[in-house]
Structures are given as C-alpha cells and as structure tokens.
1. Taking the residues in the stretch 102-133 that are under 15 Å from the mean Cα position of the chain (by Cα) and of a type in the set (D, E, K, R) as candidates, determine which candidate is nearest to G151 (Cα to Cα).
2. Answer with yes or no whether N106 is surrounded by 17 or more Cβ atoms within 10 Å (Cβ to Cβ) and within 30 Å of K163 (Cβ to Cβ).
3. Could you check the stretch 66-76 and list, in sequence order, the residues that are surrounded by fewer than 13 Cβ atoms within 10 Å (Cβ to Cβ) and closer than 19 Å to P123 by Cβ?
4. Restricting to the stretch 117-137, name every residue that is more than 30 Å from S46 (Cβ to Cβ), aliphatic (A, V, I, L, M) and part of a strand (DSSP E or B).
5. Could you please let me know if I173 is outside any strand (DSSP E or B), closer than 28 Å to I55 by Cβ and modelled with pLDDT of 90 or more?
6. Output the number of residues of the stretch 17-58 satisfying the condition of being in a helix (DSSP H, G or I), surrounded by 10 or more Cβ atoms within 10 Å (Cβ to Cβ), at pLDDT below 90 and of a type outside the set (F, W, Y).
7. Being under 22 Å from the mean Cα position of the chain (by Cα), more than 20 Å from Q142 (Cα to Cα) and surrounded by fewer than 17 Cβ atoms within 10 Å (Cβ to Cβ) is the filter here, so list the residues in the stretch 80-101 that pass it.
8. Mind checking which residues of the stretch 79-116 are in a strand (DSSP E or B) and charged (D, E, K, R)?
Amino acid sequence: MKSVVLSLFILLLSINIFSQEDSIKFHFIEDGTFHNEDGKEYIVISCNGETQSEIYNKVLLAISNLYTASSDVINKVENEMVSINTTKLDAYYEKVMGLPLRKHFNCSFKFRVKDEYLRIDAPVIHSVITGNPNAIGSDLHQSPFRRDISGYFKNGELSPKKKRLYDEINNAINKDINAIITKAFTKDDNNEW
C-alpha cells in the first residue's frame, strides 16, 4: 500500500513539474508591457494534427466557459482571432502603511490562429483598480498600469522591495492564460450529459 501511495505521489509530482515547465510565461518590464522569456511579445504553440478551425473553436469555447461575467467582452474574427477583455478581481494585495489594499486590473488576452499554430499575444493590463470592487462610488481608485508600477524599477532593474508584487502580478496574468490553454486542449473523458 505504501508503494502505491509513493508511486502516485511521484507521478503527481512529475506531472506538476512537467506542466510548470510547459506553461505559458509572460512578465512585465519597466514600460508596463509584457514579454516572454525571449523578449518577444507573443508565444507560438504548434497544435499538430489540429485544423485552424478546430483550434479556433477550442479556444473560443474555453474562453466562453471561463469568462461568464456580464462585464467580460469577447471579440472574435471567425477562424482567425479570439480576445477577451476582463477585470481580474483581487489580483494581488499591496501594503500601504501596514494596511493591505486590494488590487484588481482590467486586462485583455488575444489568441490568433493560423494553420496548425496558436499565437498567444502578450497580455495587456489597461488599468489597475484599488479598493473594494463591491463598494459604490468613491472607494475605488483607477490608474493606468504604468503609473501603478512606476516605483517597481530603478535604472532598469526590479526593486527588491517590489519583487513579491512583481511575481504576484505576473502569476495572476499567467494563471489566466494557462487556464484558457488547459481548458481548450485538455481532453474531457466525462462526456455524460
């Protein structure tokens, strides 16, 4: 019994490590734009054996299932592009004078399809909202993302004091992109009604 449990644990660990290595990773730089590890503003995935129409439909269905709020806006060009504009609530918390401030952001993700390839454009954070999103009126403060991260970098280098926030923002964005990809391309064996 112990060997079975140990084997399952090792299998789960290896699956988790594999999925982390293959996950989509973008990070923002000083000007507030996102780039991949190679410095490009996009990532291309080969979807061998899938037609352009199949890839498009899978991504559209995944986005439609994951983003159901009335404020989420899906834009599409049939068989070519799907994008989502959404608000990510409680993306991260920033402490100011010892008090945690809730941070949310308006962002968009764009997926393009051509032949057997899926191109994921770098995400865009349009603005950051500070405060309780359920409050009415003056409890919210909205600012451009670039202004919100203005103290994160000094002379092109990330400030060590902002490392945690930098990682939280990147993780929040990458988590959403990877959720879309996983939902679109993971086979669901539960086909029951």
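1. D121
2. Details: surrounded by 17 or more Cβ atoms within 10 Å (Cβ to Cβ): yes; within 30 Å of K163 (Cβ to Cβ): yes.
So N106 fits the description; yes.
3. A69, S71, V73, N75
4. V128, I129
5. On the way: outside any strand (DSSP E or B): yes; closer than 28 Å to I55 by Cβ: yes; modelled with pLDDT of 90 or more: yes.
Against the criterion (outside any strand (DSSP E or B), closer than 28 Å to I55 by Cβ and modelled with pLDDT of 90 or more), I173 qualifies.
6. Number satisfying all stated conditions: 3.
7. Across the stretch 80-101, the qualifying residue is only E80.
8. Hits for the stretch 79-116 are K88, D90, E94, K95, R102, K103, K110, R112, K114.
The values are calculated or read from the model by the stated rules, or taken from the named source; none is laboratory data. Owing to the predicted nature of the structure, the values given are computational and were not obtained by experimental measurement. Counting neighbours? That spans all protein chains shown, and the Cβs are built from the backbone with ideal geometry, glycine included.
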